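Okay, so here's the structure we're looking at.
Each value in this text was obtained by applying a stated rule to the coordinates, not by laboratory testing. Every value quoted in this text rests on a predicted model; they were computed, and no experiment measured them. Cβ atoms come from the backbone with ideal geometry, glycine included; neighbour counts cover every protein chain shown.
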Amino acid sequence: LSMAQKAGVAISGAVPLQRALAQRRIAFLVLAEDIAAARAQEYGTWCQRQDIPWLTLFSKADLGRLLGKSSRSAVGLTQMRFGEQLQMTAERLNLLCASIGSPESS
């Protein structure tokens, strides 16, 4: 996410993100784990309507810190390659965590 911010492909903040969604500029969406339910539902509706893949990851404070900003509920990425990399990394981490916790890894 830090690299996406530096590359100018990360959009955050309620108004800029909603504007980018309305303009169909978002290719991938990252939602904070602690986002308000109503806001998550709103973004989920956008994603379903526009067929935008999304991922829930990090807290609002962590998302903001990664972007060099105050806390953020969601971050839109305008280039899919950043979203794909983030999705792949999250999946690998989940697999790693699952294997560490499994009895077979003992």
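Odds and ends about this structure:
- Mean residue ellipticity (222 nm) of the chain, computed from DSSP H runs ≥ 4 via -39,500 (n - 2.57), nearest 500: -17000 deg cm²/dmol
- Assuming charge only on the beta carbon of Lys and Arg (+1) and of Asp and Glu (-1), the dipole of the chain about its Cα centre is about 560 debye to the nearest 20.
- With contacts taken as Cα pairs under 8 Å and at least 6 residues apart, the chain reaches a relative contact order of 35 percent.
- Simple rule: put +1 on each Lys or Arg Cβ and -1 on each Asp or Glu Cβ in region 1-43, find the dipole, and look at 41, 2, 23; the Cα lying farthest toward the positive end is 23.
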